[in-house]
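**Q** First, the structure itself, so that you have it in front of you.
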Amino acid sequence: MSPYLAAWIFWILMFLAIELPAVVNRRPGDTLSELVWRVFAVRGKPVGWQLRRLALGLGLAWLVAHLATGGAV
């Protein structure tokens, strides 16, 4: 197993160790989704919300294209 593969497996396990308890406890604001919604102003319209949502949309569009094309994008 390469060190990078081991690191990615560790990263995924750590993500699950943080996210699963946050999902189960149902307290607002502690899951990754809720953090992303707050940082990128998905709910509400605080100062700079258009720019934050644009950044989120462009980042997600790039990620989907990158993964779907095998890294050609």
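Since every read-out is calculated from the coordinates, none of them should be taken as a lab result. None of the values given here were measured: they were computed from a predicted structure. Heads up, the Cβs are rebuilt from the backbone with ideal geometry, glycines too, and the neighbour counts pull from every protein chain shown.
**Q** From the mean inverse distance of alpha carbon pairs (Kirkwood) and the Cα radius of gyration, derive Rg over Rh for the chain.
**A** Checking Rg against Rh, the ratio lands at 1.08.
**Q** Can you give the longest run of the chain that contains no trypsin sites (Lys or Arg not before Pro) sitting in a DSSP loop with at most 14 other Cβ atoms inside 10 Å?
**A** The answer is 44-73.
**Q** Suppose a student asked you for the relative contact order of the chain, using Cα pairs under 8 Å spaced at least 6 residues apart; what percent would you report?
**A** Averaging sequence separation for qualifying contacts and normalising by length gives 13 percent for the chain.
**Q** Rank A61, I9, V73 by how far each Cα sits towards the positive end of the charge dipole of the chain (+1 on Lys, Arg Cβ; -1 on Asp, Glu Cβ) and give me just the farthest.
**A** Among A61, I9, V73, the one farthest towards the positive end of the dipole of the chain is A61.
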